[in-house]
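Scroll down for the structure; my scribbles are underneath it.
The values are calculated or read from the model by the stated rules, or taken from the named source; none is laboratory data. Nothing here was measured: the structure is a model prediction, and the numbers come from that model. Using ideal geometry, Cβ is built from the backbone for each residue, glycine included, and neighbour counts are taken over all protein chains shown. Just so you know, the surface numbers come from the protein's heavy atoms only, side chains and all, with ligands and any DNA or RNA stripped out. Shrake-Rupley method; radii C 1.70, N 1.55, O 1.52, S 1.80 Å.
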Amino acid sequence: MSDILPMLAARDVRKTFGDLAAVDGISLDVAPGEVVCAIGPSGSGKSTFLRCVNQLEKIDSGAIWVDGELAGFRQAGGALHELSDGEIARQRLASGMVFQRFNLFQHMTALQNVTEGPTTVLGRSRREAGEEAMALLARVGLAEKAAAYPSELSGGQQQRVAIARALAMRPKLMLFDEPTSALDPELVGEVLAVMHDLAKGGMTMIVVTHELGFAREVAGRVAFLDRGRLVEIGTAEEVLVRPTHPRTRDFVAAVLR
């Protein structure tokens, strides 16, 4: 990765909530086209780290660069200056985020949910946004549901619409925050299949997940977090089959039990 500018570069990122160090000095590089799966127990800082990358949470210290651009700040006159809300909103477009809950607009059809961002935020024409939205719905296997409202869709279908909606903004980095945790078990596979196709297509992705089988199959690297710290990172084989840290071994053994 040394000769390639990382799509994500995080350096000693820290985020606290009161006395809780939710993210405690995490440093991580993610190369263009790489898939990193983040695993760990609940409360280990995985989701908070993603929210810091997407600037939904303001970091307390450290630095994050997305596609070479410093997140949240600009350098001028030898000093760092905080960006305005509008500038942060512009930067946030570089990363698309898919949450545990689908957060679709209930009064809009699947097609309208996917076209809303490109037309209102990016200023694309309704025709252009609509054509791309239909292509994205087809990509996630939901072209026939374009006119359906969220209440008419299963949880898995809603999550696939949410993925299409994020992709419609043409992000350089996709962030998935446990995208299958709110789904019934029989619906998990259809969402993971879409994410698998995205990975094969070269999309840069950070995936917070408890699906260790998916991580082993898709991830270029797996990162194990605990108590806000990056405890261990390596290939899926190294972390999930031959972990070196005792805490990682205990976690993997418990999940696979």
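The range 212-236 and the range 120-169 have their alpha-carbon centroids 30 Å apart. May I have the count of lysine pairs in the chain with C-alpha atoms under 25 Å apart, counting pairs 8 or more residues apart or located on different chains? Lysine pairs satisfying the spacing and distance rule in the chain number 9. The alpha-carbon positions of the range 61-121 define a convex hull whose volume is 129 Å³ per residue. The antiparallel fraction among DSSP beta bridges confined to the chain stands at about 60%.
Kirkwood radius and radius of gyration were both taken over the C-alpha atoms of the range 17-66, and their ratio Rg/Rh is 0.95.
Relative to the Cα centre, the charge distribution of the chain, modelled as +1 at Lys and Arg Cβ and -1 at Asp and Glu Cβ, gives a dipole magnitude of about 160 debye. Rg then Dmax, both in Å and based on the Cα atoms of the chain: 18.4, 56. Extension gain, residue 69 to residue 126, is 17.5 nm, computed as 0.36 nm per intervening residue step minus the present C-alpha separation. Short-range pairs are left out: with C-alpha atoms under 8 Å and at least six residues apart, the relative contact order of the range 138-226 is 29 percent. Dipole check for the range 53-106: with +1 at the C-beta of Lys and Arg, -1 at the C-beta of Asp and Glu, and the Cα centre as origin, the magnitude is about 160 Debye. Considering only alpha-carbon pairs that sit under 8 angstrom and 6 or more positions apart, the relative contact order computed for the range 1-46 is 35 percent. Split the accessible area of the chain by element, probe 1.4 Å, and carbon with sulfur accounts for 50%. Relative to the current alpha-carbon distance between residue 58 and residue 21, full extension at 0.36 nm per residue lengthens the span by 12.0 nm.
Spherically averaged projected area of the convex hull of Cα atoms, the range 136-257: 8.4 nm². The local environment of residue 83, defined by Cβ-Cβ distances under 9 Å, has a net charge of -1 under the rule Lys, Arg +1 and Asp, Glu -1. Computed over the alpha-carbon pairs of the range 1-111, the distance histogram in 10 Å steps reads 12, 40, 34, 12, 2 percent, short to long. With θ taken as phi - 60° and the Karplus curve 6.51 cos²θ - 1.76 cosθ + 1.60 applied, the whole-hertz 3J(HN,Hα) list for the range 237-247 is 4, 5, 7, 8, 10, 10, x, 9, 8, x, 5 Hz, x standing for glycine and proline.
The dipole here belongs to the range 1-150: it is taken about the Cα centre, uses +1 on the Cβ of Lys and Arg and -1 on the Cβ of Asp and Glu, and is about 400 debye.
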